[in-house]
Amino acid sequence: MKKTKKKGDVSLESFVTIFVIFGLFGYIASVMGLGNMFNTLMKTAHDLLINTVFFIMAIAVLTGALSKIFSEFGVIALINKIISPVMKPLYNLPGASALGILTTFLSDNPAIIGLAKDKGFAKYFKKYQFPALCNLGTSFGMGFIVWTFMSSLGNGTQYFKAASIGVLGAVVGSVVSVRIMMHFTKKYYNSSEEFVVTEEDSVDVEEETKETIIERILNSILEGGKAGVQAGMDIIPGVVVICTLVMILTSTGTVQNGAIVYTGKAYEGVGLIPKLGELLNPILKPLFGFTSSECIAFPITALGSVGAALGLVPKLLENNLITGNDIAVFTALGMCWSGYLSTHVGMMDALNTRQLAPKAILSHTIGGFAAGISAHILFSLLG
């Protein structure tokens, strides 16, 4: 009789896991010091919980409330009808998904989760389309902030055109990311045409009530806000655990008197990811047309936090290490990647499709490259 391996049994995986975990944290401790490593891990996780997760939760509450109002008064249905002729050929998604682009562009990646939790929004999506909302939302996360920041650099409107070209590059990257993701989701769901919200649920969503307009507005705000709170709770493990690890591998120590020292405060790190990025510079420089090798720091940092990546740009500009092409590529990469390594797992978990998270990350990695390459080509033609 054939024996089946159970989860938790001792196997080769046990030894590989020990090797990877102890090897990784042993390396970090050797650079930072054991005490500093633990202090940094705890303080970074705590800061992410207080200042990032709760901020995202606040966004989710607001977008959830807005989504519920739009759903209650037929705005989502209207958007679905108007935008479907555009969204369908580009993304193979219903027109309602355009609302997800708008909310994430004006806020951050997880804002689309607040929409997804609303049955009035989810009812337009088939099961294989729904997980792709993670990739779609992330492609435009913090887009408005990134675009305005890049446009404001230099003198006057010097980089406005370059930043705008970068937005177009991000759109290309979003299409590539979503399409690749749905290639995987169609296989996972066997190309099922079943919708996320069943007919019974749809009847509940569309059921007419005798409530007054004021009551409908208040109920929509409260119900949508409650869904936003739950969405914020759902992303806590992914954001705190994954982002803490990414940040400690991306950041460096505190600079004192020209030397890097470790004090155990939040967001210190060993700078491993940027070092690996330097090895890839001979490949990435021709693809993105970077002016200098220092430019590689932006996309590598954007993998974990686009906000941190934006902080690198003024210094690069001050040292004449970037040009208009770099601004266009930075904008495209900043929007499309926008810290997806930090948020993807949590977002996929909130969409109840955690098992597809590796596929979502792979799809979005390729989409980000497509965004940067497209921005470089478009700037060469239009810049």
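The values are calculated or read from the model by the stated rules, or taken from the named source; none is laboratory data. Since this is a predicted model, take the numbers as computed values, not measurements. Glycine also receives a Cβ, built like all others from the backbone with ideal geometry; neighbour counts cover every protein chain displayed.
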Criterion first (of a type in the set (Ser, Thr, Tyr), under 30 Å from Gly64 (Cβ atoms) and in a helix (DSSP H, G or I)) does Ser374 satisfy it?
no
Tell me whether region 185-194 contains one or more residues that are charged (D, E, K, R) and at pLDDT 90 or above.
yes
Of all residues in region 60-82, which are over 16 Å from Leu222 (Cβ atoms), in a helix (DSSP H, G or I) and either in contact (Cβ under 8 Å) with a residue 60 or more places away in the chain or out of contact with any Pro (no Cβ under 8 Å at 6 or more places or on another chain) (or both)?
Val75, Ile76, Ala77, Leu78, Ile79, Lys81, Ile82
Checking the condition under 26 Å from Trp147 (Cβ atoms) and surrounded by fewer than 21 Cβ atoms within 10 Å (Cβ to Cβ), which residue from Ile112, Ile82 passes?
Ile82
Matching residues in region 63-74 - criterion: being surrounded by fewer than 22 Cβ atoms within 10 Å (Cβ to Cβ) and at pLDDT 80 or above
Ile69, Phe73
For region 156-164, indicate whether the set of residues that are of a type in the set (Gly, Ala, Ser), at pLDDT below 85, farther than 30 Å from Gly334 by Cβ and in a loop (DSSP other than H, G, I, E, B) is non-empty.
no
Those residues of region 264-282 which are of a type in the set (A, V, I, L, M, F, W, C) and within 11 Å of Ile248 (Cα to Cα) amount to Ala266, Val270, Leu272, Ile273
Step by step: first the residues of region 266-283, then only those that are in a loop (DSSP other than H, G, I, E, B) and either in contact with a Pro (Cβ under 8 Å, 6 or more places away or on another chain) or hydrophobic (A, V, I, L, M, F, W, C) (or both), then the one that is surrounded by the most Cβ atoms within 10 Å (Cβ to Cβ). Which residue is that?
Val270
Could you tell me whether Ser292 is buried (at least 24 other Cβ atoms within 10 Å of the Cβ) and either touching a residue at least 12 places away in the same chain (Cβ under 8 Å) or within 30 Å of Val196 (Cα to Cα) (or both)?
no
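Conditions (1) surrounded by fewer than 20 Cβ atoms within 10 Å (Cβ to Cβ); (2) touching an Asp or Glu at 6+ places or on another chain (Cβ under 8 Å); (3) more than 25 Å from Gly311 (Cα to Cα); (4) among the basic types (Lys, Arg), marked per residue:
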| site | (1), (2), (3), (4) |
| --- | --- |
| Lys117 | no, no, yes, yes |
| Gly120 | no, yes, yes, no |
| Phe125 | no, no, yes, no |
| Tyr128 | no, no, yes, no |
| Pro131 | no, no, yes, no |
| Gly141 | no, yes, no, no |
| Gly154 | yes, no, no, no |
| Phe160 | yes, no, no, no |
| Ala163 | no, no, no, no |
Testing Leu287 on (1) assigned to a helix (DSSP H, G or I); (2) out of contact with any Phe, Trp or Tyr (no Cβ under 9 Å at 6 or more places or on another chain), one condition comes back false. Which one is that?
(2)
Could you please find all residues in region 215-252 being among the polar types (S, T, N, Q), closer than 26 Å to Asp47 by Cβ and in a helix (DSSP H, G or I)?
Gln230, Thr244, Thr250
So Ile214 passes all but one of these: (1) modelled with pLDDT of 75 or more; (2) under 16 Å from Asp108 (Cα atoms). Which condition number does it fail?
(2)
Could you please find all residues in region 226-250 being over 19 Å from the mean Cα position of the chain (by Cα) and surrounded by 19 or more Cβ atoms within 10 Å (Cβ to Cβ)?
Ala227
Can you pull out every residue in region 351-373 that is surrounded by fewer than 24 Cβ atoms within 10 Å (Cβ to Cβ) and of a type in the set (Gly, Ala, Ser)?
Ala357, Ala370
Can you pull out every residue in region 323-350 that is crowded, with 24+ Cβ neighbours inside 10 Å and more than 11 Å from the chain's Cα centre (by Cα)?
Asp326, Ile327, Ala328, Val329, Phe330, Thr331, Ala332, Leu333, Ala350
Could you check Glu318 against (1) under 21 Å from Gly269 (Cβ atoms); (2) surrounded by fewer than 18 Cβ atoms within 10 Å (Cβ to Cβ) and say which number it fails?
(1)
Tally the residues that are out of contact with any Gly (no Cβ under 7 Å at 6 or more places or on another chain), closer than 27 Å to Pro237 by Cβ and not in a helix (DSSP H, G or I), restricting the search to region 306-353.
4
